[in-house]
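The structure under discussion appears below in the form of structure tokens.
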Amino acid sequence: MDGVAFGHGGSLPEAGTVGVMELGRPGPRPIIPPGALSGAPEHREPNAPLQTHLVAVLVDSLMVLALPLVVAGLGYLTLYRPACDSYRFLDGTRLDCRQAGGEAWITGLLVLSALVLMLVLIIVRPLRLRGATWAMRRRDLLVIDAETSGPLTTRQAVVRTSVAVLVSVPWFGAGVWWAAVDRRGLMWHDLIADTRVVQRGR
């Protein structure tokens, strides 16, 4: 029959296979399931509700800021303020506190170090190891790779956290509220890191 590809020995291909119509190399070939080449899962969990995600973001933010605020207060009381008060003229008048620049820089570096430490301990490390922060786990939220629905890589965890801290939140939370208008319900840091948040058990 014309236009029909036969397998070895002139027999018809078995069910679930496709004949190879290359001259000199006949034979059946397994059919590749849809989505197998792209790595897309056959079943995609829906994204987590926005209000649930926002609560987790708020709790995570407060936890991250706790230590830097404490360090800032201690730095002001123990470094900056005493240095500021020590700058006085002979008649007792006080100098401009901006003269205590060295102490201000030290306090700023301590606050920045505390912020980075908290980001690593509370956000990046839990995301990489468990796929969720403490606040996310309390609400059964999980951050996954948007393409494979698998666990995050270290790069994704770092990129997602960095974009959230430097872009999404500082711009009056614009990157967070973007999820309300995005057709996929993703925040800026999820869009850039190629991640999404789902709620287990939904």
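The values are calculated or read from the model by the stated rules, or taken from the named source; none is laboratory data. Treat the numbers as computed from the prediction; the structure is a model and nothing was measured. Counting neighbours? That spans all protein chains shown, and the Cβs are built from the backbone with ideal geometry, glycine included.
Computed quantities for the displayed model
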quantity	calculated
Test result for residue 195, at pLDDT 95 or above, under 15 Å from the mean Cα position of the chain (by Cα), surrounded by 18 or more Cβ atoms within 10 Å (Cβ to Cβ) and closer than 15 Å to residue 61 by Cα	no
Among the candidates 121, 50, 117, 141, residue that is of a type in the set (A, V, I, L, M, F, W, C), surrounded by 12 or more Cβ atoms within 10 Å (Cβ to Cβ), closer than 19 Å to residue 185 by Cβ and modelled with pLDDT of 95 or more	141
Counted residues, region 172-186 - those being in contact (Cβ under 8 Å) with a residue 24 or more places away in the chain and either surrounded by 14 or more Cβ atoms within 10 Å (Cβ to Cβ) or over 16 Å from residue 52 (Cβ atoms) (or both)	5
Within region 156-171, tally of residues that are out of contact with any Lys or Arg (no Cβ under 9 Å at 6 or more places or on another chain) and surrounded by fewer than 21 Cβ atoms within 10 Å (Cβ to Cβ)	9
Residue list for region 44-76, filter: in contact (Cβ under 8 Å) with a residue 24 or more places away in the chain, in a helix (DSSP H, G or I) and not aliphatic (A, V, I, L, M)	52, 53, 60, 61, 68, 75, 76
